[in-house]
There are 2 protein chains.
Amino acid sequence: MTVDADRSSSSITSGTTVPTSPTSPTPTGPIPVPPAGSDRLDIAAVTEVLMGTWADARRDARERAARPEFHRPTDLTVAEHRDLTFEQMKRLAEENVSHLMLPEHLGGPNDNGGNVASFEELVVADPSLQIKAGVQWGLFTSAIVQLGDEQQQKAWVPDAMDLTTPGAFAMTEIGHGSDVQSLATTATYDASTEEWVLHTPFRAAWKEFLGNAAIHAKAATVFARLITRGVDHGVHCFYVPVRDAEGELLPGVRSEDDGPKGGLNGIDNGRLAFDHVRIPRTNLLNRYGDVAADGTYASPIESPGRRFFTMLGTLVQGRVSLDGSATRASQLALHIAITYATQRRQFTASDPTRETVLMDYQAHLHRLLPKLAATYAGSFAHEQLLHAFDDVFSGHTDDPEAREDLETLAAALKPTSTRLALDTIQECREACGGAGFISENQLVGLHQDLDVYATFEGDNTVLLQLVAKRLLSDYTSELKSVDRAGIGRFIAQRAEVLAKRHTPWARLAQDLSDRGNSRRAFDSMRQSDFQEEMLTARARVKVEEVALSLRAAGKMSPADAAAEVNKHQVEMLDAARAHADLVRWRAFTAALEQMEDPATRGIMTDVRDLFGLSVIEDDLAWFLLGGMISAQRGRQIGSDLRRLLWRLRPHVLDLVAAFDVRPGHVRAPIALGGEHERQEEAAAYFRAQRASADAPVSEKALRDREKKARRSTKR
Amino acid sequence: MTVDADRSSSSITSGTTVPTSPTSPTPTGPIPVPPAGSDRLDIAAVTEVLMGTWADARRDARERAARPEFHRPTDLTVAEHRDLTFEQMKRLAEENVSHLMLPEHLGGPNDNGGNVASFEELVVADPSLQIKAGVQWGLFTSAIVQLGDEQQQKAWVPDAMDLTTPGAFAMTEIGHGSDVQSLATTATYDASTEEWVLHTPFRAAWKEFLGNAAIHAKAATVFARLITRGVDHGVHCFYVPVRDAEGELLPGVRSEDDGPKGGLNGIDNGRLAFDHVRIPRTNLLNRYGDVAADGTYASPIESPGRRFFTMLGTLVQGRVSLDGSATRASQLALHIAITYATQRRQFTASDPTRETVLMDYQAHLHRLLPKLAATYAGSFAHEQLLHAFDDVFSGHTDDPEAREDLETLAAALKPTSTRLALDTIQECREACGGAGFISENQLVGLHQDLDVYATFEGDNTVLLQLVAKRLLSDYTSELKSVDRAGIGRFIAQRAEVLAKRHTPWARLAQDLSDRGNSRRAFDSMRQSDFQEEMLTARARVKVEEVALSLRAAGKMSPADAAAEVNKHQVEMLDAARAHADLVRWRAFTAALEQMEDPATRGIMTDVRDLFGLSVIEDDLAWFLLGGMISAQRGRQIGSDLRRLLWRLRPHVLDLVAAFDVRPGHVRAPIALGGEHERQEEAAAYFRAQRASADAPVSEKALRDREKKARRSTKR
């Protein structure tokens, strides 16, 4: 009970600025914390780096997320959960939690980074509450702010902010989710009355999966094809009242309930349809396109394609915040599973009287620590994304190139972090055995709620495809910068490079140079340069290979070209993932620079190496086949990784403590010390029993004794 | 609407013996079904092979599972769901669904294979109902049948069968799940009253996660340490009444509710504890151990260890049936996702007026088809497991070796199929986009319910460890058969073999022989011999490598040896998985022999190749590093796999149709044709619009036209 006394007491007296893991009771395992005097992680310093630029917003939000009134019981009907979430929303509105997003002329600080950072933290209260808040302020209100003019903003934003007007963001249709350009709802201008006529032409054009649509929405920002004077100007956004003050649907508006979902049941998702619903001309959110009273269309952006993508650009906020929320959810899951794993014991192994703590099993380290490392990588990468987002949305660097970069980065990271979150939560849940399946231990609910993160706000596959296309077009423009005559040469050269990589002789030479010197191989692989070279080359070569495979497609008919591209879709997605890995690795490496304490930087470098080498190991066959990693080094990687796991073992509690997951965020009894208490009680019982005279003796011991006795009698 | 007319009509007129996919509407995608006259899967023939030996039991059970009274609404509170499940249980009892398990002297046919086959099918009705039935008959009743004598069976089994006595299977404790040998509940014999005194000495010894314990159980089969005359004879099983006829807890019995869980909420899991609860001497289930009135202990099995494992042997039934249920759940998920993927369209690619059906995207084939192939492999492997189980449990070959083989096979397959099920269901859910997240489409519920399959009835990691140990001990006894002097030579030889495998020259030679002949490489890799050689060698070498790594452990202290074993735990689990892959591949290959129609066998051989090559690709780095696959072939595998995906594309609906997932099993609207209907309606709308004069013209088209006009004016 003394090993960790300093730490426990510091966690009780410390304020929010020195976050530790206050809920963890004193661990008593063989390697619970680093031995006294040895190198130890500076938890507070790592937390500060993780907190990033918007630390104050995060701290406020973490305090809020810990408050019980924002949590929920684990057994609620869908109806009850929806009611509760709506009540919680009112409280959030009263506390004006989203005011950071408002531009100055609407009375806000235009602090988009802080707003998103604050929003992300809400995930540990209840993901339903978070996403409902995201629908209301991040999508519905944001659409008015981003797409409307000042008059429209002043007319509708205040009521949206204070929840007088709960709203739906009506983009997705049953027939078209990812392919927004093909939406079929129409808004046809009637110059005679100066009105828009909104209409849903067929069932597949019903708006679908809209938060707030089933019950609470009084208005919706509806994406529909703008048609005036016989011309279809493509998808635009309209402000459309849908229910009256009493909550009755307005004439012509229809709604259906999506019913129970796999998670996020605090949100009333539903469908909306419009039967020739009329709204005033001025309800078109007109920043990027407007009609005059006579129906003349005008837009500041001439190209319909670019106009459409500019309007859609506002969607990136959702992806940015999901990236952060998913990462935060991974942190919570790891906090729970790793805390439990340092207390829970099962089977005697190295010590016959004391069972082994789960965290001391190699397999347990192997299933949890690489995910911990990836979660760190994702956290640091997210901070970079948040900066890119804030720069664009707060207007610091709002040019088309910055927007495109932001969109590509968001499209790369959101699929990566949501995938990681689902995999991490599931691994954590399984690592906690049966206890992981009990709702109060939070893990199952977290998986259920975050499940949809993989497919909403941009389906993961579609987003990665987008990244791949961008990488390919970057690569192609690089090609274009070579003069026309040179392109052939350039391609031939590249092909030669690839071919060389594919020769076994090159690899053989590496093998020979490493041979017999596994220490050198270990050191060199743990060097930043090696990892960077490998991950950079991988990201580049994967794009290069697709580009080379597709070079014939340029001369094909569109249909044939599309078929050709489709034949390489899996490789394209793979290239996009390699890009995301590189971004995360670089972000992690950059974050190390911010850690001044040598011990802390050393431990965190181990974590970074664990991330980097895990990524390389996961794709090892590719590196081997390309001759980029020799067989000698390839064989070394597995044992190097296992070595890192053991090196990090003493630091696992510190590493999750740096996530600053607080009591109130953690509500799982298995991570609140119950397991440890039970073990102490059982141990005391057995101690007392051993001390007493009348304890039963085991049959096996008795038999062994008898055998001995017989043997000695025979002699 | 005509392409598939034959098939649709056949599915309407056919009985249950010619299963097709009756719920799929006519697909209209580019490659919905094989072109007329081309090779086509004989669906009914494949279904028959899948049905296996206990086809009749399966058919009855499938009919039952399709009945609406065994389904459940998607929005129920935990309390409502428990009530419903209990009512459904009564109906199952009335229909005497489990009578197949009973031995002749209890009036049954002793058809254990049929009983488990029938039980497995229930998973598509509601997994809660299935597992509640499993608790009642597969565990509680089965414990009495397997561990009790005839008198005990006659006293308690009839009431257990007809649900007069709902029962709990009280083995797991809070402190000990996987490690049953360390259970702490005690049953101390009191010769003065000829009673057992059951007692829970501390909190960690509470029985935990027991189905029926929170509410319904009136009795429990309780595992406790048998103590008599001051000797602890280890864990035995006792029949303990826990509630009276009114459902009130009996004196000294305590119960707690586990509350909401991640799934399976139709089951009232809970805890039980005993405060000096007295039961008659004859309530010890006495087949493997008994006490006389005076407290003298006697057992037909002398070794306490072997006795314990023999008693535990009855648990294998749960693992066998979970293997089958998990496989069936994968079939259902694939049926839903693949049906939807052949109807759902998104983005225009190869055809500008018609969007591409999801199944025609390479990435979609790539995410679903390897799982389809693995599900087939798992289905065939399960049939072998069921035979092994039936042989032992119906007494045909009930010897210790057969039991051990059965246990090893179950321990290898249960983790494999439950992992596959969770991964498959999740992939299917994501492949269906937002629709996959809606509860009525079944996928989220299936994942939630099956989640716990990974950790109950033997935690997957613990089971794989068990397999690895068995493989190692087999390997060691092989070593022992070499004479003592030869062991050193033998090990040295093996080490040399390994070393040779690790030299790059061997690989280089292979590379050169394959070089420039990718056709030869493709053909050879698709040959059964190649796959078998690779998978067999992999399974063997992985064990060999661990054995060699551990050979020093024999001379160590127990603590050091345990630490040494722990350093290779990840490799051990890996070896166990390799073993399971080999078992599945062989079972698939054996099943091909039963398919006489050449076209069917050809298509199914492609599916088998997809499974075999996917397994090899997933571990490709290992094969490359070991020099077992040359770089040339290694590079070929990815493209071979993609070639197989396209070859199988025309057969996907037939391949899921063979699973015989029926209406009633499938209740997901997305797999019942709604998507297709909506698309037809939308297509008709656009056709009409194109035909009419006043359809709006797109701005883009207009601009293009104007540009052209300007250009021609200039000329």
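The values are calculated or read from the model by the stated rules, or taken from the named source; none is laboratory data. Keep in mind that this is a model prediction, so the values were computed, not measured. All Cβ positions, glycine included, derive from the backbone under ideal geometry; neighbour counts span all protein chains shown. Protein only, heavy atoms only, side chains kept; ligands, DNA and RNA dropped before computing areas. Shrake-Rupley method; radii C 1.70, N 1.55, O 1.52, S 1.80 Å.
Just so you know, in the stretch A:58-105 the residues that are farther than 17 Å from A:Gln136 by Cα and among the hydrophobic types (A, V, I, L, M, F, W, C) include one that is surrounded by the most Cβ atoms within 10 Å (Cβ to Cβ), and it is A:Ala65. Looking only at the stretch A:241-281, residues that are in a strand (DSSP E or B), among the charged types (D, E, K, R) and within 19 Å of A:Trp156 (Cα to Cα) come to 2 in all.
Does the stretch A:105-118 contain any residue that is part of a helix (DSSP H, G or I), farther than 25 Å from A:Arg67 by Cβ and more than 17 Å from the chain's Cα centre (by Cα)?
Yes, the stretch A:105-118 contains at least one residue that is part of a helix (DSSP H, G or I), farther than 25 Å from A:Arg67 by Cβ and more than 17 Å from the chain's Cα centre (by Cα).
Candidates in the stretch B:151-180 are the residues that are farther than 20 Å from B:Thr314 by Cβ and at the interface with chain A (Cβ under 8 Å from one of its Cβ atoms); of these, the one that is modelled with the highest pLDDT is B:Ile174.
Of the residues making up the stretch A:57-88, those that are modelled with pLDDT of 95 or more and among the aliphatic types (A, V, I, L, M) are A:Ala57, A:Ala61, A:Ala65, A:Ala66, A:Val78, A:Ala79, A:Leu84.
For the stretch A:674-694, the criterion of being touching a residue at least 12 places away in the same chain (Cβ under 8 Å), more than 7 Å from every other protein chain (Cβ to nearest Cβ) and surrounded by 18 or more Cβ atoms within 10 Å (Cβ to Cβ) is met by at least one residue. Consider only pairs whose beta carbons are under 6 Å apart and that are at least six residues apart or on different chains; among these, list those whose first residue lies in the stretch B:181-203 and is away from chain A (no Cβ under 14 Å) and closer than 13 Å to B:Arg229 by Cβ and whose second residue is of a type in the set (D, E, K, R) and open to solvent by 50 Å² or more (accessible area, probe 1.4 Å). Taking only residues 6 or more apart or on different chains, the pairs are B:Ala191/B:Asp294. So, in the stretch B:352-363, of the ones that are open to solvent by 60 Å² or more (accessible area, probe 1.4 Å) and not hydroxyl-bearing (Ser, Thr, Tyr), which residue ends up farthest from the other protein chains (Cβ to nearest Cβ)? Taking the candidates together, the pick is B:Arg354. Scanning the stretch B:173-210 for residues that are farther than 12 Å from B:Ile279 by Cβ and among the hydroxyl-bearing types (Ser, Thr, Tyr) returns B:Ser178, B:Ser182, B:Thr185, B:Thr186, B:Ser192, B:Thr200.
Residue pairs whose Cβ atoms lie under 9 Å apart, sitting 6 or more positions apart in sequence or on different chains, and linking a residue in the stretch B:235-255 that is surrounded by fewer than 14 Cβ atoms within 10 Å (Cβ to Cβ) to a partner that is among the aliphatic types (A, V, I, L, M) and in a loop (DSSP other than H, G, I, E, B), are B:Asp244/B:Leu250; B:Gly247/B:Ile215; B:Leu249/B:Val242. Scanning the stretch A:428-445 for residues that are in a helix (DSSP H, G or I) and more than 10 Å from chain B (Cβ to nearest Cβ) yields one hit, A:Cys428. Condition (residue is within 23 Å of A:Asp574 (Cβ to Cβ) and either more than 10 Å from every other protein chain (Cβ to nearest Cβ) or crowded, with 22+ Cβ neighbours inside 10 Å (or both)) applied to the stretch A:384-392: is it met by at least one residue? Looking for residues that are within 23 Å of A:Asp574 (Cβ to Cβ) and either more than 10 Å from every other protein chain (Cβ to nearest Cβ) or crowded, with 22+ Cβ neighbours inside 10 Å (or both), one finds at least one in the stretch A:384-392, hence yes.
Only one of the listed residues (A:Gln130, A:Gln151) is part of a helix (DSSP H, G or I), polar (S, T, N, Q) and open to solvent by 40 Å² or more (accessible area, probe 1.4 Å). That residue is A:Gln151. Here the condition is being touching a residue at least 24 places away in the same chain (Cβ under 8 Å) and either on the phi > 0 side of the Ramachandran plot or within 24 Å of the chain's Cα centre (by Cα) (or both); of B:Leu358, B:Leu369, it holds for B:Leu369 alone. Return yes or no: is B:Ile629 at pLDDT 95 or above and either surrounded by 22 or more Cβ atoms within 10 Å (Cβ to Cβ) or within 9 Å of chain A (Cβ to nearest Cβ) (or both)? So B:Ile629 fails the test.
For the subset of the stretch B:531-579 comprising residues that are acidic (Asp, Glu) and within 14 Å of chain A (Cβ to nearest Cβ), which member is most open to solvent (accessible area, probe 1.4 Å)? Break it down stepwise before answering.
Going through the stretch B:531-579, the residues acidic (Asp, Glu) turn out to be B:532-533, B:544-545, B:560, B:564, B:571, B:574.
Those still in the list that are within 14 Å of chain A (Cβ to nearest Cβ) too: B:545, B:560, B:564, B:571, B:574.
On the way: B:Glu545: 51, B:Asp560: 88, B:Glu564: 36, B:Glu571: 50, B:Asp574: 54 Å².
My answer is B:Asp560.
Restricting the stretch B:282-293 to residues that are open to solvent by less than 40 Å² (accessible area, probe 1.4 Å) and in a strand (DSSP E or B), which is nearest to B:Thr172 (Cα to Cα)? The selected residue is B:Leu284. Figure legend. Inter-residue proximity from the stretch B:64-90: first residues facing chain A (nearest Cβ under 9 Å) and of a type in the set (A, V, I, L, M, F, W, C), second residues open to solvent by 20 Å² or more (accessible area, probe 1.4 Å) and not in a loop (DSSP other than H, G, I, E, B), beta-carbon distance below 6 Å, spacing 6+ or different chains. No pairs are indicated.
Scanning the stretch A:446-467 for residues that are more than 7 Å from chain B (Cβ to nearest Cβ), closer than 16 Å to A:Ser128 by Cα and not aromatic (Phe, Trp, Tyr) yields A:Leu446, A:His447, A:Asp449, A:Leu450, A:Glu457.
A residue that is farther than 30 Å from B:Leu358 by Cβ, within 11 Å of another protein chain (Cβ to nearest Cβ), in a loop (DSSP other than H, G, I, E, B) and open to solvent by 20 Å² or more (accessible area, probe 1.4 Å) can be found somewhere in the stretch A:219-230.
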